[in-house]
């Protein structure tokens, strides 16, 4: 795919895809997983999947740049919805699973759609076994002093006027999450989960 900022002309909705970090901002690093590179590859795969389904897209950055948040919002201003793609990390290696953050009330339906069909490998595991994928408001995010936060969810998505959510595919600090995300099946599944969620949101 050409390293471009906008997708081809389509017929349904225009989705803004914001791959987190970029350039000198590598994001979370765990083993062979580098967040900035991983989510850019996922963004390109998501763009192709959206085109296949008849949607259009715009990307917030090129592979080797890290625009300011307001620049990303400006580049995606004509989109109907925005999803920001990330990989998380935590000082506790046991913390795992898919997370989705929303900021304003208009974001919540999109956030719910993006957590509908999370792969079982990325469903968080708690004390008593698997739980539901985490869905958080940025107003009460669960970050503590022990978490390895590089970008707060509210900082990332609060500038978008349209419905917008931040998706954390999993934790690079968790061995199982990392292995799954780096596998061919896992890397494909996270893209399809976001695409399916976007489709559910707009239909």
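The values are calculated or read from the model by the stated rules, or taken from the named source; none is laboratory data. In this text, all values refer to a predicted model and were calculated from it rather than measured experimentally. Neighbour counts are summed over all protein chains in view; Cβ atoms, including those assigned to glycine, are modelled from backbone coordinates with ideal geometry.
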Item to complete: Would you be able to tell me the number of residues in segment 49-71 that are in contact with a strand residue (DSSP E or B) (Cβ under 9 Å, 6 or more places away or on another chain), free of Cβ contacts under 8 Å to residues at least 60 places away in the same chain and in a helix (DSSP H, G or I)?
Response: 1
Worksheet item: Somewhere in segment 49-56, is a residue closer than 21 Å to residue 158 by Cα, crowded, with 20+ Cβ neighbours inside 10 Å and either at pLDDT 95 or above or in contact with a helix residue (DSSP H, G or I) (Cβ under 7 Å, 6 or more places away or on another chain) (or both)?
Response: no
Discussion item. Filter segment 30-48 down to the residues that are touching a helix residue (DSSP H, G or I) at 6+ places or on another chain (Cβ under 6 Å) and assigned to a helix (DSSP H, G or I) and list them by number.
Written reply: 42, 45, 46
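Return the residues of segment 8-29 that are touching a helix residue (DSSP H, G or I) at 6+ places or on another chain (Cβ under 6 Å) and modelled with pLDDT under 95; say none if nothing qualifies.
So the first thing to find is which residues in segment 8-29 are touching a helix residue (DSSP H, G or I) at 6+ places or on another chain (Cβ under 6 Å), and the list is 13, 15, 17-22, 26-28.
Across segment 8-29, the qualifying residues are 13, 26, 27, 28.
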Worksheet item: Does residue 112 satisfy the criteria of being closer than 16 Å to residue 167 by Cα, touching a strand residue (DSSP E or B) at 6+ places or on another chain (Cβ under 8 Å) and free of Cβ contacts under 8 Å to residues at least 40 places away in the same chain?
Response: yes
Fill in: In segment 151-185, the residues that are modelled with pLDDT of 95 or more, surrounded by fewer than 19 Cβ atoms within 10 Å (Cβ to Cβ) and assigned to a helix (DSSP H, G or I)
175, 176, 179, 182, 184, 185
Worksheet item: Quick one: would you say residue 106 is modelled with pLDDT of 95 or more, out of contact with any helix residue (DSSP H, G or I) (no Cβ under 7 Å at 6 or more places or on another chain) and crowded, with 16+ Cβ neighbours inside 10 Å?
Response: no
